[in-house]
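What follows is a single structure, written as structure tokens, with notes after it.
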Amino acid sequence: MDIVDRFIKYARIDTQSDENSTQTPSTQKQFNLAKEVEKEAVEMGLSDVSLDNNCYLMATLPANTRKDTPVIGFIAHFDTSPDMSGENVNPRVIKNYDGNDIVLNEAKNVIMSPADFPELLRHTGEDIIVTDGTTLLGADDKAGIAAIMTAMQYLLDHPEIEHGKIRIGFTPDEEIGRGADKFDVAKFGAQWAYTMDGSELGELEYENFNAASAKIEIQGRNVHPGYAKNKMINALHLANELIALLPGEERPETTEGYEGFFHLISQNGTVDEAKLSLIIRDHDRTRFEERKALMVKSVDFLNQKYGNRLKLELTDQYYNMREKVEPVQHVIDYASRAMEEIGVKPHIRPIRGGTDGARLSFMGLPCPNIFAGGMNFHGRYEFLPVPSLKKASEVIVKIAELVAKGADAPEE
């Protein structure tokens, strides 16, 4: 199957996850894509194909060499973000993009312009896949799935390319931070792996944020406003006072690169009670702990001031994979070398977010992240340059080839 046709088929299947669900997968509709990919894996001749009750799919491409070659893996996720609808996705291929505005939806006046998204101009002359302006596209991470499955088919069709045993794995619920929750690392059985979950051509990432969530419940005291002096405690004002205690210049919209932040996700309530949800991010582990300590200190300060009216739930989500990947530098070297050999310049940079690979690295499976090609994830302006998608699949094939050859392997 052509990689574009494969991606479009996947994109049309609604797999949006649900952060309010306590089940795994969080939405049963993720099985619709999982079963389709399972069917493809069986039909193309992969072995050990297994789809478990939690929607984790694994399969094996057996080695075709007698060399003692490491078992490596490639991983992507089924779900799409809860940030925007993934139902009735209607992808459209724009041939030979000319660099002008793209009318995604004429009736709704949804236009994607290089004036707003200058990265479009880097793909002038290329075929690109866009939305119809009413949903996200789902390149995060159906492009990754398409790249992996196409690479497996290519290796099966070209037995002259020597490779060791390759494991592939697909997870649910990555977008809500649970993709690695029930991933069986021992069953997967790889020495290292790569998540195909990055964005633009050439991205290679092995550093990510340390991450925590902060949920605060505030109990106010409501009194008739005409008689409220020295009695009322407005929970909404306490919420605003808490936010004001955090550094206003350290937010997602004012930071980049290695700079961390506090991000207010939601705030709602009444005079009587309010709830806030924030995320805390930093690449540096020490600074990350300092940020969490500031949150605790701020809540304690307001509790002393107003009489224990704030309740904080602070939860670590994942950590920077760098400390687990850096000691096995050859894992990065293989990916970098593979990109160079297929004519892609590696762009090594930190992830301002996280992937399944971050948690898997701490579960014993070093797992840096490689581009899958999509851009502007999680919204109606998402797009996927076709050449980037094809290169993602080529990188997988080349990594498998280099590992079998032992290129750039560390000395024993």
Note to self: Can you pull out every residue in the stretch 378-395 that is in a loop (DSSP other than H, G, I, E, B) and surrounded by fewer than 22 Cβ atoms within 10 Å (Cβ to Cβ)?
What the structure shows: HIS378, GLY379, ARG380
Check: With respect to LYS165, is the statement that it is open to solvent by 30 Å² or more (accessible area, probe 1.4 Å), touching a residue at least 40 places away in the same chain (Cβ under 8 Å) and closer than 25 Å to THR15 by Cα true?
Finding: no
Checklist line | Every residue from the stretch 253-271 that is over 23 Å from the mean Cα position of the chain (by Cα) and either buried (at least 16 other Cβ atoms within 10 Å of the Cβ) or without any contact (Cβ under 8 Å) to a residue 40 or more places away in the chain (or both) | finding: GLN267, ASN268, GLY269, VAL271
Next item on the list: Determine which single condition ASP157 fails, assuming it passes every other condition in (1) open to solvent by 30 Å² or more (accessible area, probe 1.4 Å); (2) within 20 Å of ILE3 (Cα to Cα); (3) touching a residue at least 12 places away in the same chain (Cβ under 8 Å).
Entry: (3)
Check: Among the listed residues GLU241, GLU250, GLU207, which satisfies the condition of being surrounded by 16 or more Cβ atoms within 10 Å (Cβ to Cβ) and touching a Leu at 6+ places or on another chain (Cβ under 7 Å)?
Finding: GLU241
Margin query: Given the criteria within 26 Å of the chain's Cα centre (by Cα) and at positive phi, does ASN53 qualify?
Written below: no
Margin query: Please go through the stretch 24-79 and give me each residue that is among the hydroxyl-bearing types (Ser, Thr, Tyr) and either crowded, with 19+ Cβ neighbours inside 10 Å or not in a strand (DSSP E or B) (or both), ordered by number.
Written below: THR24, SER26, THR27, TYR56, THR60, THR65, THR69
Next item on the list: Taking the residues in the stretch 178-200 that are small (Gly, Ala, Ser) and on the phi < 0 side of the Ramachandran plot as candidates, determine which candidate is surrounded by the most Cβ atoms within 10 Å (Cβ to Cβ).
Entry: GLY179
Notebook entry, point to check: What pairs come up if the first residue lies in the stretch 352-369 and is closer than 14 Å to ASP140 by Cβ and at pLDDT below 95, the second is open to solvent by 10 Å² or more (accessible area, probe 1.4 Å) and not polar (S, T, N, Q), and their beta carbons are under 6 Å apart, counting only those six or more places apart or on different chains?
Noted result: GLY354/TYR318; THR355/ASP197; ASP356/GLU174
Next item on the list: Mind listing whichever residues of the stretch 313-339 are open to solvent by 50 Å² or more (accessible area, probe 1.4 Å) and aliphatic (A, V, I, L, M)?
Entry: LEU314
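The values are calculated or read from the model by the stated rules, or taken from the named source; none is laboratory data. Every value quoted in this text rests on a predicted model; they were computed, and no experiment measured them. Backbone-built Cβ (ideal geometry, glycine too); neighbour counts: all protein chains shown. Side chains are part of the model used for accessible areas, which takes the heavy atoms of the whole protein and leaves out ligands, DNA and RNA. Shrake-Rupley method; radii C 1.70, N 1.55, O 1.52, S 1.80 Å.
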